[in-house]
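Visitor: Let me give you the structure first, and then I'll get to my questions.
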Amino acid sequence: MSESYDVIIIGGGPGGYVTAVRAAQLGFKTALVEREHLGGICSNWGCIPTKALLRSAEVMHLGENAADYGLKLEGKLTADLKAVVERARGVAGRMNNGVGFLMKKNKVGVIWGEAKLKGRGEIVVSKPTKKPMEPQHPAPKNTKGEGTYTAKHIIVATGARPRALPGMEPDGELIWTYFEAMVPKAMPKSLIVVGSGAIGIEFASFYRTLGVEVTVVELMPTILPVEDAEISQLAKKRFEKQGMKFLLEAKVVKVDKAKDAVTAHVETKGGKVEKITAERMISAVGVTGNIENLGLEELGVKTDRGCIVIDDYGRTNVEGVYAIGDVAGPPMLAHKAEHEGVICVEKIAGEKGVHPLDKNLVPGCTYCHPQIASVGLTEAKAKEAGRDIRVGRFPFVANGKAVALGEDQGLVKTIFDKKTGELLGAHMIGAEVTELIQGFVVAMNLETTEAELMHTIFPHPTLSEMMKESVLDAYGKALNA
């Protein structure tokens, strides 16, 4: 006999496990199906362990510049690659265990294996397939396994995987995805990074800080193409000062492999082909949803360009089947997946006041050095939308806390509707901006106007003061610049 639940979630990443917790809180008998590791890519191979690596790089940077702070470091500071990687894996392990604890605490049943939709309200779970490139965390104790399970509501949260371009398929040795880039067996002397989105730039920043020669190849005219153009330009200048090289409006048309090196044939805007040789290459050209082998086609669930099609509340075109997170389309961010999952299950429960996800209010963060963060419309997008705007800017160099930290290079930029005072977007580059951005996210969610922001008291001395100064600057009232 099959075991029955109210809600079954397929996929134990941030979207999946957070949805499971909320479903249990709402009184649903809930199960979570996972085939590899609780916490998903984010906790085990993405968001969290990459930040551990970047923290090591940050400490390395500070150590190398200790003299700037009046400190003397005897001897040469070197990176112990094995210890750096082990620390990151340890952090991932702690997060994995934490998700297991949350499942137990909230009485969520964990089913270990690969799930496939067999019919409406029914899934079949088979033995999990281990990917040879990844070490797996063991299945938590007291988990269920292979079998048939039923539920009135089935939520697909299977995430995404690195996209592979023809002729540039990752092989785990010379051409890496972010999986191999996080656990290098040895530090390469040179590296080609294809793609300058958040993943590509974060790894470029990590490896460059540890002394690797890095060349970034980007198809678009700017790096970090989803960011405000002014912020992207400032980022490029900072990265170039650190020694990174960039080829923009360029694409890799061919890759030659040698015993311990790759040569990329890069076609630039004018049609000229340039050859670049490096010890390793990272393919960071985006991700694609994990929609295969789920039984979606047989059930008639609509998909589009590698993602499951949903409405504002995660519902697919098939009753009782839902999708959230990366598998449901962009923006492919962990915090979007979590919020989307909560919306979905609260709508199922009939909770009052459930609002659809406003993708314009989803913040984006890139944890390179310097950090980059944003929310809302860029200046270009605001103008394209026909908005009459005011733009405010405030530089880090005019902020006392930034100067005291030795982090005086950066910018806070705000965009307002000239007529209504509505905050349309905020864009930042500099120290700790991934923490600062949430202030503007809250403001936009509360529909805060420029007047309310101007009347808000920010503590001194803090980096956050620049947020207010940027607002003041948009209206010609900046006090410290």
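Visitor: Looking at Val471, is it touching a residue at least 60 places away in the same chain (Cβ under 8 Å), open to solvent by less than 40 Å² (accessible area, probe 1.4 Å) and out of contact with any Lys or Arg (no Cβ under 8 Å at 6 or more places or on another chain)? Talk me through it step by step, then tell me what you get.
Guide: Values: touching a residue at least 60 places away in the same chain (Cβ under 8 Å): yes; open to solvent by less than 40 Å² (accessible area, probe 1.4 Å): yes; out of contact with any Lys or Arg (no Cβ under 8 Å at 6 or more places or on another chain): yes.
Answer is yes for this residue.
Visitor: Quickly run through the stretch 77-105 and pick out the residues that are of a type outside the set (Lys, Arg) and either open to solvent by 70 Å² or more (accessible area, probe 1.4 Å) or farther than 20 Å from Pro14 by Cα (or both). Quick ask: steps written out before the conclusion?
Guide: Restricting attention to the stretch 77-105, the residues satisfying the condition of being of a type outside the set (Lys, Arg) are 77-81, 83-86, 88, 90-93, 95-103.
Listed by number, the residues that qualify are Leu77, Thr78, Ala79, Asp80, Leu81, Ala83, Val84, Val85, Glu86, Met95, Asn97, Phe101.
Visitor: Separate question: What pairs come out if I take residues in the stretch 422-437 that are more than 15 Å from Gly392 (Cβ to Cβ) and open to solvent by 10 Å² or more (accessible area, probe 1.4 Å) and pair them with residues that are among the acidic types (Asp, Glu) and modelled with pLDDT of 95 or more whose C-beta lies under 6 Å away, six or more apart or interchain?
Guide: If the second residue must be among the acidic types (Asp, Glu) and modelled with pLDDT of 95 or more, the pairs left are Ala431/Glu407.
Visitor: Now a separate question. Of everything in the stretch 443-457, what is of a type outside the set (Ser, Thr, Tyr) and either open to solvent by less than 40 Å² (accessible area, probe 1.4 Å) or closer than 14 Å to Asp417 by Cα (or both)? Give them in sequence order.
Guide: Going through the stretch 443-457, the residues of a type outside the set (Ser, Thr, Tyr) turn out to be 443-447, 450-455, 457.
Result: Ala443, Met444, Glu447, Glu450, Ala451, Leu453, Met454.
Visitor: Please give the number of the condition Gln25 fails out of (1) surrounded by fewer than 20 Cβ atoms within 10 Å (Cβ to Cβ); (2) touching a Gly at 6+ places or on another chain (Cβ under 8 Å); (3) polar (S, T, N, Q).
Guide: Gln25 satisfies all of (1) surrounded by fewer than 20 Cβ atoms within 10 Å (Cβ to Cβ); (2) touching a Gly at 6+ places or on another chain (Cβ under 8 Å); (3) polar (S, T, N, Q) except (2).
Visitor: Take the conditions modelled with pLDDT of 95 or more and within 23 Å of the chain's Cα centre (by Cα) and apply them to Ala235. Does it pass?
Guide: Values: modelled with pLDDT of 95 or more: yes; within 23 Å of the chain's Cα centre (by Cα): yes.
For Ala235, the condition - modelled with pLDDT of 95 or more and within 23 Å of the chain's Cα centre (by Cα) - is met.
Visitor: In addition: Would you check if Val108 is open to solvent by less than 50 Å² (accessible area, probe 1.4 Å) and within 24 Å of the chain's Cα centre (by Cα)? Quick ask: steps written out before the conclusion?
Guide: Details: open to solvent by less than 50 Å² (accessible area, probe 1.4 Å): yes; within 24 Å of the chain's Cα centre (by Cα): no.
Answer is no for this residue.
Visitor: Scan the stretch 333-350 for residues that are under 12 Å from Ala157 (Cα atoms) and in contact with a strand residue (DSSP E or B) (Cβ under 6 Å, 6 or more places away or on another chain) and report the count.
Guide: The number of residues fulfilling the criteria is 1.
Visitor: Being of a type in the set (Ser, Thr, Tyr), surrounded by fewer than 20 Cβ atoms within 10 Å (Cβ to Cβ), modelled with pLDDT of 95 or more and not in a helix (DSSP H, G or I) is the requirement here; does Thr129 meet it? Give the derivation first.
Guide: On the way: of a type in the set (Ser, Thr, Tyr): yes; surrounded by fewer than 20 Cβ atoms within 10 Å (Cβ to Cβ): yes; modelled with pLDDT of 95 or more: no; not in a helix (DSSP H, G or I): yes.
No; evaluated as a whole, the condition is false for this residue.
Visitor: Moving on. Taking the stated definitions as given, is Glu74 surrounded by fewer than 17 Cβ atoms within 10 Å (Cβ to Cβ), modelled with pLDDT under 95 and charged (D, E, K, R)?
Guide: Working: surrounded by fewer than 17 Cβ atoms within 10 Å (Cβ to Cβ): yes; modelled with pLDDT under 95: yes; charged (D, E, K, R): yes.
When the stated conditions are applied, Glu74 passes them.
Visitor: Name the one entry in Ile231, Ile192 that is part of a strand (DSSP E or B), out of contact with any helix residue (DSSP H, G or I) (no Cβ under 9 Å at 6 or more places or on another chain) and buried (at least 20 other Cβ atoms within 10 Å of the Cβ).
Guide: Values: Ile231 fails: part of a strand (DSSP E or B).
Answer to the selection: Ile192.
Visitor: Another question, then. Which is without any contact (Cβ under 8 Å) to a residue 60 or more places away in the chain, assigned to a loop (DSSP other than H, G, I, E, B), more than 20 Å from the chain's Cα centre (by Cα) and within 27 Å of Thr434 (Cα to Cα), of Pro184, Pro221, Pro166? Spell out the reasoning first.
Guide: Details: Pro184 fails: without any contact (Cβ under 8 Å) to a residue 60 or more places away in the chain; Pro166 fails: within 27 Å of Thr434 (Cα to Cα).
Of the residues listed, the single one that is without any contact (Cβ under 8 Å) to a residue 60 or more places away in the chain, assigned to a loop (DSSP other than H, G, I, E, B), more than 20 Å from the chain's Cα centre (by Cα) and within 27 Å of Thr434 (Cα to Cα) is Pro221.
Visitor: Let me ask you something else. Just one of Val216, Val226, Val212 is within 29 Å of Leu377 (Cα to Cα), modelled with pLDDT of 95 or more, touching a strand residue (DSSP E or B) at 6+ places or on another chain (Cβ under 8 Å) and open to solvent by less than 10 Å² (accessible area, probe 1.4 Å); which is it? Lay out the reasoning, then the answer.
Guide: On the way: Val226 fails: open to solvent by less than 10 Å² (accessible area, probe 1.4 Å); Val212 fails: within 29 Å of Leu377 (Cα to Cα).
After ruling out the rest, the residue left standing is Val216.
Visitor: Still on this structure, I have one more. Are any residues in the stretch 322-346 surrounded by 24 or more Cβ atoms within 10 Å (Cβ to Cβ) and either at pLDDT below 95 or under 23 Å from Arg120 (Cβ atoms) (or both), and if so, which ones?
Guide: Result: Tyr322, Ala323, Ile324, Gly325, Val327, Ala328, Glu340, Gly341, Cys344, Val345.
Visitor: Ok, one more. Quick check on my filter: what residues within the stretch 195-209 are among the hydroxyl-bearing types (Ser, Thr, Tyr) and open to solvent by less than 10 Å² (accessible area, probe 1.4 Å)?
Guide: Taking the stretch 195-209 first, the residues among the hydroxyl-bearing types (Ser, Thr, Tyr) are 196, 205, 207, 209.
If the condition is that a residue be among the hydroxyl-bearing types (Ser, Thr, Tyr) and open to solvent by less than 10 Å² (accessible area, probe 1.4 Å), then Ser196, Ser205, Tyr207 are the ones that fit.
Visitor: Identify, please: which residue in the stretch 316-343 is part of a helix (DSSP H, G or I) and small (Gly, Ala, Ser) and is, among those, nearest to Val226 (Cα to Cα)? Reasoning before the result, please.
Guide: First pass over the stretch 316-343, keeping only residues part of a helix (DSSP H, G or I): 325-328, 334-343.
Those still in the list that are small (Gly, Ala, Ser) too: 325, 328, 334, 337, 341.
Numbers: Gly325: 19, Ala328: 19, Ala334: 17, Ala337: 19, Gly341: 24 Å.
Among them, the one singled out is Ala334.
Visitor: Grab the strands (runs of 3 or more DSSP E) fully contained in the stretch 362-465, keeping just those with 1 or more residues being of a type in the set (Asp, Glu).
Guide: Numbers: elements: 364-366, 371-376, 389-395, 411-417, 423-430.
Of the strands (runs of 3 or more DSSP E) lying wholly inside the stretch 362-465, those with at least 1 residues that are of a type in the set (Asp, Glu) span 411-417.
The values are calculated or read from the model by the stated rules, or taken from the named source; none is laboratory data. Predicted model, so just to flag it, every value in this text is computed and none were measured. Heads up, the Cβs are rebuilt from the backbone with ideal geometry, glycines too, and the neighbour counts pull from every protein chain shown. Note: areas computed on protein heavy atoms with side chains; ligands, DNA, RNA excluded. Shrake-Rupley method; radii C 1.70, N 1.55, O 1.52, S 1.80 Å.
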